[in-house]
1. Looking only at segment 270-287, filter to residues that are in a helix (DSSP H, G or I) and open to solvent by 20 Å² or more (accessible area, probe 1.4 Å); which one of those is farthest from the ligand (Cβ to nearest atom)?
2. Take GLU56 and tell me if it is open to solvent by 60 Å² or more (accessible area, probe 1.4 Å) and farther than 30 Å from PHE335 by Cα.
3. Given segment 123-220, what helices (runs of 4 or more DSSP H) lie entirely inside it while holding 1 or more residues that are within 16 Å of the ligand (Cβ to nearest atom) and open to solvent by 50 Å² or more (accessible area, probe 1.4 Å)?
4. Could you tell me how many of the residues in segment 354-388 are in a helix (DSSP H, G or I), more than 16 Å from PRO128 (Cα to Cα) and open to solvent by 70 Å² or more (accessible area, probe 1.4 Å)?
5. Kindly evaluate GLY258 against the criterion of being in a loop (DSSP other than H, G, I, E, B) and away from the ligand (no atom under 16 Å from the Cβ).
6. Suppose we keep only residues that are open to solvent by 60 Å² or more (accessible area, probe 1.4 Å) and under 17 Å from ARG178 (Cβ atoms) within segment 332-353. Which one would you say is modelled with the highest pLDDT?
7. List, please: which pairs have Cβ atoms under 6 Å, are six or more places apart or on different chains, and start with a residue in segment 57-68 that is over 15 Å from PRO85 (Cα atoms) and end with one that is open to solvent by less than 100 Å² (accessible area, probe 1.4 Å)?
8. Given the conditions (1) within 20 Å of the chain's Cα centre (by Cα); (2) under 21 Å from GLU329 (Cβ atoms), report the number of the one that GLN179 does not fulfil.
Amino acid sequence: MTGALREASLHSQPSETLDPKNWDDIRALGHRMLDDMIDYAANIGDRPVWQPIPDEVRASFQAKLPRGASDLADVYREFSDLILPYTTGNVHPGFMGWVHGGGTAVGMLAEMLAAGLNANLGGRDHIPIEVERQIVEWMRLIFGFPHGASGIFVTGTSMANLMAVLVARTTALGRSVRQGGVAENGAMLTAYTSSAAHGCISKAMDIAGFGSDALRYVETDRFHRIDLPALRERIARDRGAGYTPFLVVGSAGTVDIGAIDDLAALSTLCREERLWFHVDGAFGALGVLAPGLAPRLAGIEHADSIALDFHKWGQVPYDAGFLLVRDGERHRDTFAAPAAYLHRETRGLAANSPWPCDLGPDLSRGFRALKTWFTLKTYGIEKLGAVITRSCALAGYLEARVVAEPKLELMAPVQLNIVCFRYRAADNADRVNANIVIDVQESGIAVASTTLLEGQLAIRAAIVNHRTDVSDIDALLSAVLEFGGQRAASREDVVLIDASPPLAM
Ligand SMILES: Cc1ncc(COP(=O)(O)O)c(C=O)c1O
């Protein structure tokens, strides 16, 4: 240690810690923050769903690095004025833009408690790890996985899918792949998914070192489900050409229209072909909690791994992604790595191995499990399932209204909670509809998004938020019809459509 450092630490006084000088002051302000955030959730419907960020607000986040201290009350005022009004809007019942959950006050409180504990769930023997294991066990039961299955919280399904690709890789090539790399024995590994699958799977293949070309996109049927004969044919063709198929990723709820692949048939195919069967169930997997929906997910219980998000249909505040792996040993084989400073003991704080750091790339990890535990316990899975059922019923209502409205056109079969439709326009229908979506967003009435279906732009309404009601669907449709009428009448070209839009979410 340098002399200056030693001097500084010697002269530290308790008053120089980061704790408040007066705990009563922070308590009072903390209570106000809590009241304000509970009011925010309770009265969210009174706000615009989203509003454009004024230039001066954006500019205020190009401020100088703060060298000195500021009063917490002043910082909180900045939060209230500059941050709180300009969020995505997914807490609002009128938000149907992307597949975003609405969060709950319960989750918010649990997040505060987790921050208070400041737990690091990379490992060691403390009860927060048992809370995470409790959720793993509940997920094991919900999805009918055997004892020995393992699971872990991650940021989101993009990360969970990447980790599943890595577990499948280690299973296919053996543990030595972790030293030798994927090119070690010259095998050319290939994976398979449908053309409707989420873009993060291609990204996972890229990051895992296979390259995105090693992911074969298989065509879908008219319900956007993977075409099984085409999949079999592609696997056979690849084997014939000297490739080594190792993984099939099925979708339980595609991002564009909510299609669910035939998971039972996929699991049979994977067993016969000796391939790892992973399910991307980002939002759809929790459909098993809805009795009317669960039969459509049949076969998910045979998956080798499942990725899902509690922050979508589970309504847990961001972020709370999750990976469940049927064979925990394969999971640990992929990620566990010895290190002297992570040595395990049978007693003391270094006991309780294996640790979550043996199941993923992260060593430092927050307590995502707590807000999920609070959510599952406070509401119970029946209530959460009822919320999912209701989202699908609302999608059915929106579908019926679209079909009944001559000015609108349904763009894809509604299978779950996502409705793709558009305003009929004689000219430039893509451009007119892109503008309608932006107009609706800027109006603050509702938020929808766009996607491309067979080359045509569709307005996409994803109903995920537990607060969304019939009146929100009606408001979205009225706004689409109103702006549609204006846009169809105007010759103005405001938006240029990008032919390769960013990934839907
Ligand atoms: C089907 C599907 N897979 C993967 C993802 C990515 O999940 P995340 O945003 O949690 O990383 C999404 C996001 O909506 C999705 O819908």
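1. Among them, the one singled out is GLU272.
2. Considered against the rule, which asks whether it is open to solvent by 60 Å² or more (accessible area, probe 1.4 Å) and farther than 30 Å from PHE335 by Cα, GLU56 comes out as yes.
3. Ranges flagged: 157-173, 199-207.
4. Going through segment 354-388 one residue at a time, the tally reaches 5.
5. No.
6. Step by step, filter segment 332-353, then rank; the result is ARG332.
7. none
8. Against the list (1) within 20 Å of the chain's Cα centre (by Cα); (2) under 21 Å from GLU329 (Cβ atoms), GLN179 comes up short only on (1).
The values are calculated or read from the model by the stated rules, or taken from the named source; none is laboratory data. Note that the structure is predicted; figures quoted are calculated from it, not measured. Glycine also receives a Cβ, built like all others from the backbone with ideal geometry; neighbour counts cover every protein chain displayed. Quick note on the areas: whole protein, heavy atoms, side chains included, nothing else; ligands and nucleic acids left out. Shrake-Rupley method; radii C 1.70, N 1.55, O 1.52, S 1.80 Å.
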